[in-house]
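What follows is a short report on a single structure.
Coordinate-derived values only; no laboratory data. Everything numeric in this text was worked out from a predicted model, so none of it was measured. So basically every Cβ, Gly included, is an ideal-geometry build from the backbone, and we count neighbours across all protein chains shown.
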Amino acid sequence: MYLKVLLLLHIGGAIIGFGPTFAFAVLGPLAGKLGGPQAVGVLKGIVKIEKALVRPFIILQPLTGALLIFKEGLDQDFFSRFWLWGGILLFAVAAYIATAQQIPAVEHLIELGESGKADTPEFAATVKKTQTLGPVLTLMLAAIIVLMILKPGS
């Protein structure tokens, strides 16, 4: 029963916490097309989703994952399981990029937009940063999903 609860928390956490981030690839360009106050509203929605759903699971996933690793004995020969340590490494890097780079950049876009500076070079540079990091984060999340499901090399 303990294992099933852990699996439910871990897999459910991945779906609830990270599933919505795939929508950011649609919402970001939508904000760009709308412009003005509507764009700021869309960007605020992205930040709200990130803070309410994604951040809690950035903490829950490693905890439930670590418990699963030990419960299933995957700590034995850990480094022979590329799918596992590779997924953990990708997760750590993605979590850092998202929390230290991408969301602060989106929050900065909101500040610039609300202060009437949406036509500045700073705004354009920040948009370019988010347009670069967003797809990288999406690919990293997709790679983690592939590693965790297919478990290549196991």
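Below is a table of values for the structure above.
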quantity	calculated
Pairwise FRET efficiency - VAL93 versus LYS44, Cβ, R0 = 25 Å, nearest 0.05	0.40
Greater than 27 Å apart at Cα, pairs in LYS4/LYS44; LYS51/LYS151; LYS44/LYS151; LYS44/LYS117; LYS4/LYS48	LYS4/LYS44; LYS51/LYS151; LYS44/LYS151; LYS4/LYS48
Only Lys, Arg (+1) and Asp, Glu (-1) charged, at Cβ; segment 22-97 dipole about Cα centre in debye	440
Distance (nanometres) between label positions extended 7 Å along Cα→Cβ at LEU74 and PHE123	4.5
For the chain: relative contact order, % (alpha-carbon pairs under 8 angstrom, 6 or more apart)	29
Cut-off 13 Å, label 7 Å out along Cα→Cβ of THR138, residues of segment 1-38 by amide N	20-31
